[in-house]
Amino acid sequence: MALITKAVKGTQDILPSEVYKNQFIEQIVIDIAGKFGFKELRIPVFEHTELFQRGVGETTDVVQKEMYTFDDKGGRSITLRPEGTAGVARAFLEHGLFNEALPQKLCYVINCYRYEKPQAGRWREFQQFGVEMLGTSSPAADAEVISLANEIFAFLGIENLQLELNSIGCPECRKNYHNALREYFESKKENLCPTCLERLGKNPMRILDCKSPVCKEICEGAPAIIDYICDDCSAHFESVKKYLDVMNIDYVVNPRIVRGLDYYTRTVFEFVSTQIGAQGTVCGGGRYDGLVEELGGPHTPSLGFAMGTGRLLMLLEAQGIELPAPGACELYIAPMGENASLEAMKIVHDLRSNGISSQTDVAGRSLKAQMKYADKIGARYTMVLGDNEIEQGKANLKNMDNGEVTEVELESLAEDFMQFLIKQETEALRLSFGEDIGDVDLSALL
Ligand code: ATP
Ligand code: MG
């Protein structure tokens, strides 16, 4: 029985008291990406398993250990998306977006699913904001994508986030590197974890992404890819850095970054924090020049990043950055009796149509209980409505902050209340600045 009142391990509810933060992030990332020309694309939660096997790569942790895969009732092998890029690339091909203006700039906010060991900053269901730019091999694109992530962090006022950059070359320059890597790891074979032993034969670069402490230590001495990249890849990398320099975006080259997905080529990068524990990578991305072709499409050099919004929120919290909370209920109308209840419902209906958040009793409560409720929901003003008030067409608005009472006409309340709020706000500003601030239009604030 206890099972049904407990969320599945690695999943979490986002309660109403917190959800405004997620809503804010979801909104601003899409808005900021929009300024760079990225348009939102919505993709399904699940895809054919094969898409991820091909796209993400058979030898990756994600495909080997972390996918939620099942057969549907029609016998298809289905996988809950562990990431967004493969689905975006699939949609790009399926809808012939490669025939449209290139590069296609696409972005998304999605939940992803990975069967990982839950811990701080690591969940089995988590949200990512991602962008993908398909159809450009220019280093300017790499810098632009990085600058978009940078812009989001800057907008939120986040500090002390390090941009780490590397180039992992193209399949051509990787041949030599693989040989050097294999030779190195062969010499350390007896200490590698069993998974890495397997990787040694299939894809030695994956060892560099191993999380086991012993393997990590061995990796310290491994040859670095950056010393093996070809002239073209090297020129590309230098150019990316130049573009970042003109935008004054700081970075450090970290030759250890290889990223966890097989599709990456050339530029890879991570934004890393030391303030949110071991899972410090808030954003990771890079180029994947071969992915679209791998999925059966035309040669389409592309790149992107994904930002974990959960880790982003942890970082905001760690840096004491508060996101704007939504406005509380402006007016709570407390009716006494059936007539008043009808009248109150009519008034809040009109108020809401005029864009003012307002509530009234929908639980048949006593006046005392209603006032308690109004207090709990943080109503800024309350108004008691009884037969007397209805008869006279007037009622008292009470400011819940300072107890001030103002008489208002019921007939025109919906129209007047906005003006009333503006007047109150102006007055409050006048008081706090202690001078005539003139006629300020505050309607935009409400
Ligand atoms: P890590 O090294 O932390 O496992 P990754 O290389 O698997 O990350 P990506 O697949 O590139 O990460 O995903 C991009 C971003 O998504 C990460 O930088 C992180 O912010 C977030 N992320 C990845 N996996 C999880 C998870 N299980 N829970 C929460 N956020 C995650
Ligand atoms: Mg991972």
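The values are calculated or read from the model by the stated rules, or taken from the named source; none is laboratory data. Note that the structure is a prediction, hence the values are computed from the model and not measured. Ideal geometry is used to build each Cβ from the backbone, glycine not excepted, and the neighbour counts take in all protein chains shown.
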Worksheet item: Looking at the stretch 219-231, which of its residues are free of Cβ contacts under 8 Å to residues at least 40 places away in the same chain and farther than 12 Å from Arg256 by Cβ?
Response: Asp227, Asp231
Worksheet item: Out of the stretch 93-152, which residues are within 11 Å of ligand 1 (Cβ to nearest atom) and either under 22 Å from Asp245 (Cβ atoms) or outside the structural domain of Ser234 (by TED's automatic domain parsing) (or both)?
Response: Ala149
Practice prompt. Report whether or not Thr85 is under 30 Å from Glu317 (Cα atoms) and either within 16 Å of ligand 1 (Cβ to nearest atom) or of a type outside the set (Gly, Ala, Ser) (or both).
Written response: yes
Worksheet item: Assuming Cys283 fulfils every condition listed in (1) within 16 Å of ligand 2 (Cβ to nearest atom); (2) without any contact (Cβ under 8 Å) to a residue 60 or more places away in the chain; (3) not small (Gly, Ala, Ser) apart from one, which condition is it?
Response: (2)
Fill in: Count - residues of the stretch 173-196 that are surrounded by fewer than 19 Cβ atoms within 10 Å (Cβ to Cβ) and under 30 Å from Ser234 (Cα atoms)
11
Practice prompt. For the stretch 382-407, name all the residues that are within 13 Å of Ile347 (Cα to Cα), among the hydrophobic types (A, V, I, L, M, F, W, C) and assigned to a strand (DSSP E or B).
Written response: Met383, Val384, Leu385, Ala395
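Okay, residues lined up against (1) within 16 Å of ligand 2 (Cβ to nearest atom); (2) part of a helix (DSSP H, G or I); (3) over 23 Å from Gly284 (Cβ atoms):
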position	(1), (2), (3)
Gly10	yes, no, no
Glu18	no, yes, yes
Gly34	no, yes, no
Gln64	yes, yes, no
Response to the item:
Inside the stretch 81-122, the number of residues satisfying the requirement of being assigned to a loop (DSSP other than H, G, I, E, B) and closer than 20 Å to Gly57 by Cα is 7
Fill in: Subset of the stretch 205-218 [touching a residue at least 24 places away in the same chain (Cβ under 8 Å) and either more than 32 Å from the chain's Cα centre (by Cα) or in the same structural domain as Arg266 (by TED's automatic domain parsing) (or both)]
Ile218
Discussion item. Filter the stretch 259-314 down to the residues that are within 15 Å of ligand 1 (Cβ to nearest atom), outside any strand (DSSP E or B), over 23 Å from Arg124 (Cβ atoms) and β-branched (Val, Ile, Thr) and list them by number.
Written reply: Thr274
Practice prompt. Report yes if Asp350 is out of contact with any Phe, Trp or Tyr (no Cβ under 8 Å at 6 or more places or on another chain), assigned to a helix (DSSP H, G or I) and either more than 10 Å from ligand 1 (Cβ to nearest atom) or of a type in the set (A, V, I, L, M) (or both), otherwise no.
Written response: yes
Practice prompt. Would you confirm whether any residue within the stretch 39-62 is over 24 Å from His299 (Cβ atoms), surrounded by 14 or more Cβ atoms within 10 Å (Cβ to Cβ), at pLDDT below 95 and within 16 Å of ligand 2 (Cβ to nearest atom)?
Written response: yes
Worksheet entry | Single condition Ile78 does not satisfy, out of (1) away from ligand 1 (no atom under 14 Å from the Cβ); (2) part of a strand (DSSP E or B); (3) crowded, with 19+ Cβ neighbours inside 10 Å; (4) of a type outside the set (Gly, Ala, Ser) | (3)
Discussion item. Report every pair of residues separated by at least 6 positions or lying on different chains whose Cβ atoms are under 6 Å apart, first residue within the stretch 189-202 and closer than 17 Å to Glu220 by Cβ, second assigned to a loop (DSSP other than H, G, I, E, B).
Written reply: Cys193/Ser212; Cys196/Cys210
